[in-house]
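This report refers to the structure that appears directly beneath it.
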Amino acid sequence: MLPETIRRVDEIVATTQATGRVPSLVAAVVRAGELVHFTGAGELPAPDPDTQYRIGSISKTLTAALILRLRDEDRLSLDDPLDRYLPGTPVGAATIRQLLGHVSGLRREPAGDWWERAPGMDLDHLLSELRPGDTGRYHYSNLAYGLLGAVAERITGEPWWAQLGKRLLEPLDLCRTTYHPAEPFARGYVVHPWHGTLREEPRHDAGAMAPAGQLWSTAADLVKWAAFLADPHPSILAPPTVAQMCVPVAIADPESWTAGHGLGLKLWRRGERVYVGHTGSMPGYLAVLVVHRASGTAVVAYANGYSLAGATIGGLGLDLLDTVVAAEPVPVPTWRPGAGPPSDVEPLTGRWWWMGREHEAAWDAGTRELLVYPVGDQHEVWRFTPEGPDRWRCHSGMNHGEALTVRRSRTGAVTALDIATFVFTRDPWTT
């Protein structure tokens with residue numbers, strides 16, 4: 001990063017630690033998959049990218065990814081009711097999709113003592129305390145994610161934590177992301193508001209609620225997860241699946257539309273930019289992960305206090321990411337000549353017309369996709385991959401999921417491109 005950007009990031013972190021009155025505050029910036037800057041303030045403990053903090057509800061992003069991977073493996077459907085996997089509960093009509101997006105109507109916390117600061121209950125106890133919810137209404141629910149972890153266990157016969165390790169943590173080399181803390185780790189505190197003394201908080205096993213907030217990680221580890229959310233590897237989770245996680249299920253503030261929820265990810269709008277990620281808190285800890293997928297830039301931050309005086313951990317993450325994205329232009333990739341299109345694709349390229357609007361079809365040799373877009377507007381690009389003879393499938397923009405069918409004359413010449421019944425021809429007057 002530019003020296004001025006580094007100076008500004010360091011200043012924000014130092015100021016927030018001082019005014020927020022937390023024992024330590026650390027932050028890391030990732031760009032193009034690489035950790036490019038780490039900074040911190042405070043001495044309990046001294047800043048180190050390999051020190052663990054508790055990540056709280058950022059655990060939910062991994063639980064959601066696990067559920068979606070099971071969906072991609074045809075082990076479940078997002079529209080399956082909970083009753084299919086946990087029969088006999090009074091909330092069995094809620095679907096997996098609703099649980100992921102916090103629109104199941106379930107209460108925020110399980111019944112009994114506050115689960116974050118008490119020894120964890122087992123699944124039978126958790127299920128016995130369930131009460132009917134108002135399905136379809138947005139209401140953030142930790143309880144929903146405890147149930148999602150139980151669904152994953154019922155489907156596979158393996159504990160949630162074992163599945164998470166095998167399917168996500170090990171392939172991503174998140175070797176310092178653990179169920180229990182492993183030295184070196186930051187002790188978590190509540191700071192007395194009047195005289196600044198510290199009370200160390202307990203570190204309970206969350207039991208059946210672990211999928212909602214149990215995990216520990218480091219700055220060096222969590223930036224790998226942030227980088228994956230920006231640019232996922234298909235061997236771990238398909239890019240279209242990660243994109244689906246980022247689509248709004250609910251808007252948290254309907255009057256201003258600046259925050260919402262996808263499938264396991266929080267969504268924020270700052271000006272014209274949309275960020276995805278999550279915040280986290282457990283007694284003695286705060287955490288945030290914020291990703292700008294368009295630029296491949298992300299920020300991770302941790303504090304080992306339960307509150308930031310005059311600020312929020314989510315606001316800090318957004319401010320840091322705003323600072324970096326605004327100051328650091330995305331490198332423009334060098335254009336290089338590529339191979340021409342295959343012989344059967346070449347006749348599809350060039351200018352096409354629909355309802356008096358001119359479009360262009362081009363070949364992307366790198367991705368082997370047919371690109372169609374309005375002339376002069378490459379922001380709306382429809383990307384098509386071959387699906388069979390004279391048939392292509394779109395996976396971007398307004399035509400996502402739609403088919404392109406090549407129309408031919410009796411002699412076999414290409415005469416039109418039919419995209420979801422919209423017929424594009426070489427002549428602007430032909431329909």
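The values are calculated or read from the model by the stated rules, or taken from the named source; none is laboratory data. Please read these numbers as outputs of a predicted model, since none were measured by experiment. Note that we place each Cβ from the backbone using ideal geometry, even for glycine, and neighbour counts take in every protein chain shown. Heavy atoms of the whole protein, side chains included, go into the accessibility calculation; ligands, DNA and RNA do not. Shrake-Rupley method; radii C 1.70, N 1.55, O 1.52, S 1.80 Å.
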Given the conditions (1) over 21 Å from the mean Cα position of the chain (by Cα); (2) outside any loop (DSSP other than H, G, I, E, B), and given that L86 satisfies all but one, which numbered condition is not satisfied? (2)
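Are any of the residues in segment 337-360 polar (S, T, N, Q), closer than 30 Å to L2 by Cα and modelled with pLDDT under 95? Outline the logic, then answer.
Narrowing segment 337-360 to residues polar (S, T, N, Q): 343, 349.
Filter once more, so that each one left must be closer than 30 Å to L2 by Cα: none.
No, segment 337-360 has no match at all.
What residue, of P341, P347, is over 23 Å from T63 (Cβ atoms), open to solvent by less than 70 Å² (accessible area, probe 1.4 Å), touching a strand residue (DSSP E or B) at 6+ places or on another chain (Cβ under 7 Å) and in a loop (DSSP other than H, G, I, E, B)? Working first, answer last.
Working: P347 fails: in a loop (DSSP other than H, G, I, E, B).
That would be P341, the only listed residue that is over 23 Å from T63 (Cβ atoms), open to solvent by less than 70 Å² (accessible area, probe 1.4 Å), touching a strand residue (DSSP E or B) at 6+ places or on another chain (Cβ under 7 Å) and in a loop (DSSP other than H, G, I, E, B).
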Tell me, which residue of segment 361-399 that is touching a Pro at 6+ places or on another chain (Cβ under 9 Å) and part of a loop (DSSP other than H, G, I, E, B) is surrounded by the most Cβ atoms within 10 Å (Cβ to Cβ)? H395
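I'd like the full set of residues that are part of a strand (DSSP E or B) and crowded, with 24+ Cβ neighbours inside 10 Å, limited to segment 298-317. Don't jump to the end; show me each part of the working.
Start the filter on segment 298-317 by keeping residues that are part of a strand (DSSP E or B), which leaves 298-303, 305, 308, 311.
Scanning segment 298-317 gives A298, V299, V300, A301, Y302, A303, G305.
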Residue under evaluation D50, criteria (1) buried (at least 17 other Cβ atoms within 10 Å of the Cβ); (2) in contact with a helix residue (DSSP H, G or I) (Cβ under 7 Å, 6 or more places away or on another chain); (3) within 20 Å of L174 (Cα to Cα), criterion not met: (1)
Do we find a residue being farther than 20 Å from G296 by Cα, part of a loop (DSSP other than H, G, I, E, B), modelled with pLDDT of 95 or more and more than 13 Å from the chain's Cα centre (by Cα) anywhere in segment 187-200? yes
Every residue from segment 237-258 that is free of Cβ contacts under 8 Å to residues at least 12 places away in the same chain, part of a helix (DSSP H, G or I) and of a type outside the set (G, A, S): P239
Restricted to segment 53-68, and to residues that are surrounded by fewer than 24 Cβ atoms within 10 Å (Cβ to Cβ) and in contact with a Ser or Thr (Cβ under 7 Å, 6 or more places away or on another chain), which residue is nearest to W225 (Cα to Cα)? S57
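Does T197 satisfy the criteria of being polar (S, T, N, Q), surrounded by fewer than 18 Cβ atoms within 10 Å (Cβ to Cβ) and on the phi < 0 side of the Ramachandran plot?
Details: polar (S, T, N, Q): yes; surrounded by fewer than 18 Cβ atoms within 10 Å (Cβ to Cβ): yes; on the phi < 0 side of the Ramachandran plot: yes.
Answer is yes for this residue.
In this structure, does R21 turn out to be more than 29 Å from C246 (Cβ to Cβ) and either out of contact with any strand residue (DSSP E or B) (no Cβ under 8 Å at 6 or more places or on another chain) or open to solvent by 50 Å² or more (accessible area, probe 1.4 Å) (or both)? Spell out the reasoning first.
Numbers: more than 29 Å from C246 (Cβ to Cβ): yes; either out of contact with any strand residue (DSSP E or B) (no Cβ under 8 Å at 6 or more places or on another chain) or open to solvent by 50 Å² or more (accessible area, probe 1.4 Å) (or both): yes.
Judged against the criteria, R21 is a match.
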Against the definition (assigned to a loop (DSSP other than H, G, I, E, B) and touching a Lys or Arg at 6+ places or on another chain (Cβ under 9 Å)), how does E183 come out, yes or no? no
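Conditions tested, residue by residue: (1) closer than 18 Å to P234 by Cα; (2) not acidic (D, E).
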| position | (1), (2) |
| --- | --- |
| V29 | no, yes |
| H37 | no, yes |
| D50 | no, no |
| Y53 | no, yes |
| T61 | yes, yes |
| I67 | yes, yes |
| E73 | yes, no |
| L76 | no, yes |
Please enumerate the residues belonging to segment 256-278 that are surrounded by fewer than 16 Cβ atoms within 10 Å (Cβ to Cβ) and on the phi > 0 side of the Ramachandran plot. W257, G271
Condition (residue is more than 11 Å from the chain's Cα centre (by Cα), closer than 24 Å to V22 by Cα and either surrounded by 16 or more Cβ atoms within 10 Å (Cβ to Cβ) or modelled with pLDDT under 95 (or both)) applied to segment 246-255: is it met by at least one residue? no
Those residues of segment 172-194 which are open to solvent by less than 30 Å² (accessible area, probe 1.4 Å) and either more than 30 Å from P239 (Cβ to Cβ) or in contact with a His (Cβ under 9 Å, 6 or more places away or on another chain) (or both) amount to L172, F185, A186, G188
Does segment 219-233 include one or more residues that are in contact (Cβ under 8 Å) with a residue 60 or more places away in the chain, open to solvent by less than 40 Å² (accessible area, probe 1.4 Å) and not aliphatic (A, V, I, L, M)? yes
